[in-house]
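Comments concern the structure below.
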Amino acid sequence: MKFKYFLVPILAVIGCGWLQAQSADSTPLASPGNGPDEHWRHHHGWIWRELNLTQAQKVQIKSIRQDMKSKTHPALAAVLKAKLKLQQDIDANSEQALIAADASALATAESQFASVRAMELGQIKVLLTDEQKTTLQNLRQKREERMQEMINRLSQPTT
């Protein structure tokens, strides 16, 4: 009997799910990406919050990103197509030469996408203050340190 009383509050909390507060007029929040299915849109949004951007900088960055869509979207689509093709050929047990060609095409697409993203970041960095650039560099340094730790762990011989 005690188990029943313990389980009810837990199920009630779990059942609530993703409740979002709304204004009195019941209009949804204006910013996209707040729901559970839209998290991916703002995967790196925390970086921008750490930089304490001004409203003018946010507008300029949004403009840069909008202008770069004509390059980033096709580049990302090429990466996704290459990944899909590689996975399909692996699943179909295709010959090794075809899989190697797919892997090479994927590497090329990823390289082109990285180049477009670097170009975009270069345009954004121009807008940042020296303090913001230092903060960004510190965040990148921490990321590089974590990557190096992972490389070191992976490079250790297994026992």
**Asked** What list do you get for Arg146, Arg65 if you sort them by fewest beta carbons within 10 Å?
**Response** Arg146, Arg65
**Item:** Dimensionless Rg/Rh of region 51-159 - Kirkwood Rh, Rg from C-alpha atoms
**Value:** 1.11
**Message:** Could you tell me the extents of region 73-129's C-alpha atoms along the three principal axes, largest first, rounded to whole Å?
**Reply:** 52, 16, 14
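FYI, it's all coordinate maths here, none of it is from the lab. The model shown is predicted, which means the values in this text are computed figures rather than measured ones. Using ideal geometry, Cβ is built from the backbone for each residue, glycine included, and neighbour counts are taken over all protein chains shown.
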